[in-house]
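Only one structure is covered here, and it is reproduced in the block below.
The values are calculated or read from the model by the stated rules, or taken from the named source; none is laboratory data. Computed from a predicted structure; not experimentally measured. All Cβ positions, glycine included, derive from the backbone under ideal geometry; neighbour counts span all protein chains shown. Areas reflect the complete protein model, heavy atoms only, side chains present, ligands, DNA and RNA absent. Shrake-Rupley method; radii C 1.70, N 1.55, O 1.52, S 1.80 Å.
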Amino acid sequence: MTMAVWQAVVTIGVVSLGTLITRFLPFIVFPDSKQPPQTIEYLGRVLPYAMTGLLVVYSLKDMTLFVGAHGVPEVISVLAIVVLHWWKRDMLLSIAGGTVLYMVLVQLVFV
Amino acid sequence: MNVGMEPHREAAVLAVAFKAALPLTSPIAVGFLFLGGSYGLLAHAKGFSLWYPLAMAFFIFAGSMEFITINLLLSAFAPVSAFLLTLMVNARHLFYGLSMLGRFRGLGWKKPYLIFTMIDETFAINSSTQVPLGVDRGWFMMFVSMLSRAYWLGGTTLGWLVGGLLPFSTHGIEFVLTALFLSIFLDQWMGEKHGEGASATVDSASSDLREGGNSSLRVRSPEPVGASLMPDSVRRHLLALIGVMVSATCLMMFGPERFMIPAMGGMLALFLVLRTWLDVSASGVGPDEGLHSGDIQEKSV
């Protein structure tokens, strides 16, 4: 580490503070005692679905389509989870099945 | 909390909530053991004592930002840009907050802790799970949060201590978090299950079995049937598609490091433009939302 300890403490401090702000801001602006505007209530109802979609994309963002395995292990595993989930509708089974399949693919097939 | 509540009664409430939360967090346990583990291992490899990754895990508790902070600590001292970078990387928390305003309402001392521990994984579970009947909503979410935090701290410590010594390859294990998000996404897409247990297949648009079934793994559909201008299932699919398509488009346009902010902006714009079609009237709010949204006054300003 190139920093002095106090610099490291300050750096971790400002990162913690920034993270706290992003988490607490909506709750500070719209506390329990205040009825949020209808538009905010509406966004609160529609955002969860879209944010789950964003998280799926986010967790696949480093997939390399044009080099290496061209994203084939990811695509196969995602399809397997879709089929497994449509068939059995068991969340833990879908997660375990998809993950094990992905590990087999990247460790043994698309090395 | 009821002051007059007998101790054994409260213990029972805690036990029930813990049992409901524990299985749902098991994918997070696996994911964080290895993700937190690789974080601890990285910190060790870069020459940090265990206290650094632990302090970051404890105070920051935002995985991607902790990885970035390792790099920040190895660069020149620049607190202002570190602060701004944090706001950019974690801006999605603002949307999580807006989504959880209702669900966290009225939870007293638990609320600050739930907000502080709002990460991708706890948000995904706490925002999507239909907490089973007879399970305390606040404690359920508290246990999801506390367990996730314990997994992350544990994974970080283990990774720092023994990360380099594993006898088998864990390559690809990080996919467990993709699988978690995708399964939740699919559950929301398919809507409420009919009947109980995992044997039920894809259901129709009706969600009159909200109170039926007792599987703790059910994902709630936060929106009600009726009242909207289009069938609930169509609207739900539209919302999910907007989330995926806008994100994927921005990912292709801006690349993996810069796509989050434009994606969130794009979604916000689309939701505001399409509000007439996507909104449901406040009277059609689902049972567990009714607590806080049902009392919305239809007053015009």
Requested in this report: Name every residue in segment B:104-142 that is of a type in the set (Phe, Trp, Tyr) and facing chain A (nearest Cβ under 10 Å), in order of residue number.
Outcome: B:Phe104, B:Phe116, B:Phe123
Report task. Scan segment B:171-190 and give yes if some residue there is in contact (Cβ under 8 Å) with a residue 60 or more places away in the chain, within 30 Å of B:Lys110 (Cβ to Cβ) and open to solvent by 30 Å² or more (accessible area, probe 1.4 Å), otherwise no. Result -> no
Report task. Among the residues of segment A:49-98, write down those that are within 7 Å of chain B (Cβ to nearest Cβ), closer than 22 Å to B:Ser169 by Cβ, open to solvent by 10 Å² or more (accessible area, probe 1.4 Å) and touching a Leu at 6+ places or on another chain (Cβ under 9 Å). Result -> A:Ser59, A:Leu60, A:Val78
Query raised in the report: Given (1) modelled with pLDDT of 90 or more; (2) part of a helix (DSSP H, G or I); (3) surrounded by fewer than 15 Cβ atoms within 10 Å (Cβ to Cβ), where does B:Ile28 come up short, assuming only one miss?
Result: (3)
Query raised in the report: In segment B:83-103, how many residues are over 13 Å from the mean Cα position of the chain (by Cα) and surrounded by fewer than 23 Cβ atoms within 10 Å (Cβ to Cβ)?
Result: 9
Report summary line: Taking segment B:42-82 and keeping only residues that are at the interface with another protein chain (Cβ under 8 Å from one of its Cβ atoms), more than 14 Å from A:Ile12 (Cβ to Cβ) and either of a type in the set (Gly, Ala, Ser) or surrounded by 16 or more Cβ atoms within 10 Å (Cβ to Cβ) (or both), one is left with B:Gly47, B:Ala76
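For B:Met141, are the conditions met, namely being outside any helix (DSSP H, G or I), buried (at least 23 other Cβ atoms within 10 Å of the Cβ) and touching a Lys or Arg at 6+ places or on another chain (Cβ under 8 Å)? Explain how you work it out, then say what you get.
On the way: outside any helix (DSSP H, G or I): no; buried (at least 23 other Cβ atoms within 10 Å of the Cβ): yes; touching a Lys or Arg at 6+ places or on another chain (Cβ under 8 Å): yes.
So B:Met141 fails the test.
Tally time: how many residues in segment B:239-266 are surrounded by fewer than 16 Cβ atoms within 10 Å (Cβ to Cβ), in a helix (DSSP H, G or I) and facing chain A (nearest Cβ under 10 Å)?
Here the count works out to 3.
Here is a yes/no grid of residues against (1) open to solvent by less than 70 Å² (accessible area, probe 1.4 Å); (2) at pLDDT below 90; (3) of a type in the set (Ser, Thr, Tyr); (4) part of a helix (DSSP H, G or I):
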site: B:Leu268; (1), (2), (3), (4): yes, no, no, yes
site: B:Thr276; (1), (2), (3), (4): no, yes, yes, yes
site: B:Asp295; (1), (2), (3), (4): no, yes, no, no
site: B:Glu298; (1), (2), (3), (4): no, yes, no, no
Report summary line: A:Thr99: passes all of (1) under 17 Å from the mean Cα position of the chain (by Cα); (2) assigned to a helix (DSSP H, G or I); (3) within 29 Å of B:Leu270 (Cβ to Cβ) but (3)
Query - Near pairs, Cβ below 6 angstrom, 6+ apart or cross-chain, from segment A:75-103 (hydrophobic (A, V, I, L, M, F, W, C)) to any residue that is open to solvent by 40 Å² or more (accessible area, probe 1.4 Å) and in a helix (DSSP H, G or I) - result: A:Ala80/A:Leu101
